[in-house]
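Enquirer: Just passing along the structure, written as structure tokens.
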Amino acid sequence: MRKEVGIKMKQKVAWGKLYLGLVFIILYAPILYLMIFSFSSGKTMEHYHGFSLQHYADLFADSRMITIVINTVLVAVLSSLIATIIGTLGALAIKETRGTWRNSLLSLNNVLMVSPDVIIGASFLIFFTVLGIRLGFVSVLLSHVAFSIPIVVLMVLPKINELSPTLVDAAYDLGASRWQALSRVILPAISPGIMAGYFMALTYSLDDFAVTFFVTGNGFSTLSVEIYSRARQGVNLEINALSTLMFIVSLALVIGYYFVSKHAGRRQRVVTVKEGDAQ
């Protein structure tokens, strides 16, 4: 009986690995294909003509593209920072509410998460047009802040729920003010969630296309919109080079987040052990 159960478990694991392998192939094969041809000396993707960095040289020689890269990074960094601050404060406020108010706030927070990007982008376009806000850097920044806030809240709120109330009570018993308890106890304890929210918001901002496409104006663009515009004009291997760099940056962010969260989790476990020894 145990032998049959063991065989079935091995079969399930094997099928699970096969399914996971197929998913990775479907997801990453087009990306690898694109990256390989970014190093081709040819002008098309029909045949590989030999290794060359010419497309990367053309990319960095394009002053307009450099400006777009700076715009994209600036919007991503600023929107993520603002969204992290507002989202963290929002998560703390949701924690303090009870009952119907708490459920209502969580539902409102999740609306932007489940709404299609096209609807969100069109809504922002109408909103900015009615208010008379010129489409460009400001409209893109405000839109990215708006759709990044719910992400930060979802990342931070679980860490707040895990925070021991006795830790905060001990700070108040020792004479700490509300600000001191927040800055020296609560924020350090939930810092892994804050970092996770920031990196998630940064990634979403860098990769966003649909919302940005609606709220960009003349003279301002981001990488995702620019890649789409150039792709519609025809095959250009400079797009492959740009997409490859974007993929590498996104991968670096994911790896950086992994090590930061791992370090923060290790530090949190040390603090928990010290608290247990103190008690």
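The values are calculated or read from the model by the stated rules, or taken from the named source; none is laboratory data. Keep in mind that this is a model prediction, so the values were computed, not measured. Virtual Cβ from ideal backbone geometry, glycine too; neighbours counted across all protein chains shown.
Enquirer: From the list ALA189, ALA171, which one is among the small types (Gly, Ala, Ser), over 22 Å from SER115 (Cβ atoms) and at pLDDT below 85?
Expert: Going through ALA189, ALA171 in turn, just one is among the small types (Gly, Ala, Ser), over 22 Å from SER115 (Cβ atoms) and at pLDDT below 85: ALA171.
Enquirer: Answer yes or no as to whether THR84 is modelled with pLDDT under 90 and within 30 Å of the chain's Cα centre (by Cα).
Expert: So THR84 does not fit the description; no.
Enquirer: Return the pair list, or none, for Cβ contacts closer than 6 Å from residues in segment 224-245 that are farther than 16 Å from HIS55 by Cα to residues that are of a type in the set (S, T, N, Q), at least 6 apart or on different chains.
Expert: VAL225/THR212; VAL225/THR216
Enquirer: Tally time: how many residues in segment 101-130 are part of a helix (DSSP H, G or I) and farther than 18 Å from VAL153 by Cβ?
Expert: The qualifying residues number 13.
Enquirer: Going by the structure shown, is VAL140 under 15 Å from SER79 (Cβ atoms), assigned to a helix (DSSP H, G or I), more than 13 Å from the chain's Cα centre (by Cα) and not aromatic (Phe, Trp, Tyr)?
Expert: For VAL140, the condition - under 15 Å from SER79 (Cβ atoms), assigned to a helix (DSSP H, G or I), more than 13 Å from the chain's Cα centre (by Cα) and not aromatic (Phe, Trp, Tyr) - is met.
Enquirer: Name the single residue that is surrounded by the fewest Cβ atoms within 10 Å (Cβ to Cβ) among those in segment 88-132 being small (Gly, Ala, Ser) and under 16 Å from VAL211 (Cα atoms).
Expert: Only one residue fits best here, namely SER115.
Enquirer: Provide a single number: the residues in segment 33-80 that are among the polar types (S, T, N, Q) and either assigned to a helix (DSSP H, G or I) or within 30 Å of the chain's Cα centre (by Cα) (or both).
Expert: Adding up the residues that qualify gives 8.
Enquirer: Follow-up question, since we're still on this one. Please pick out the residue among LEU206, LEU237 that is in contact with a strand residue (DSSP E or B) (Cβ under 8 Å, 6 or more places away or on another chain) and surrounded by 15 or more Cβ atoms within 10 Å (Cβ to Cβ).
Expert: Criteria check complete, one pass: LEU237.
Enquirer: Also, I was wondering about something else. Given the conditions (1) buried (at least 16 other Cβ atoms within 10 Å of the Cβ); (2) assigned to a helix (DSSP H, G or I), report the number of the one that LEU135 does not fulfil.
Expert: So LEU135 meets the others, but not (2).
Enquirer: Scan segment 231-239 and give yes if some residue there is within 17 Å of THR84 (Cβ to Cβ) and at pLDDT 75 or above, otherwise no.
Expert: Kept after step one, since they are within 17 Å of THR84 (Cβ to Cβ), are these residues of segment 231-239: none.
Looking for residues that are within 17 Å of THR84 (Cβ to Cβ) and at pLDDT 75 or above, one finds none in segment 231-239, hence no.
Enquirer: Here's something else I'd like to know. Name the single residue that is surrounded by the most Cβ atoms within 10 Å (Cβ to Cβ) among those in segment 240-273 being of a type in the set (Gly, Ala, Ser) and at pLDDT below 75.
Expert: ALA264
Enquirer: If you don't mind, there's one more thing I want to ask. Among the residues of segment 156-207, write down those that are in contact with a helix residue (DSSP H, G or I) (Cβ under 8 Å, 6 or more places away or on another chain), among the small types (Gly, Ala, Ser) and not in a loop (DSSP other than H, G, I, E, B).
Expert: Listed by number, the residues that qualify are ALA171, ALA181, ALA189, SER191, GLY193, ALA196, GLY197, ALA201, SER205.
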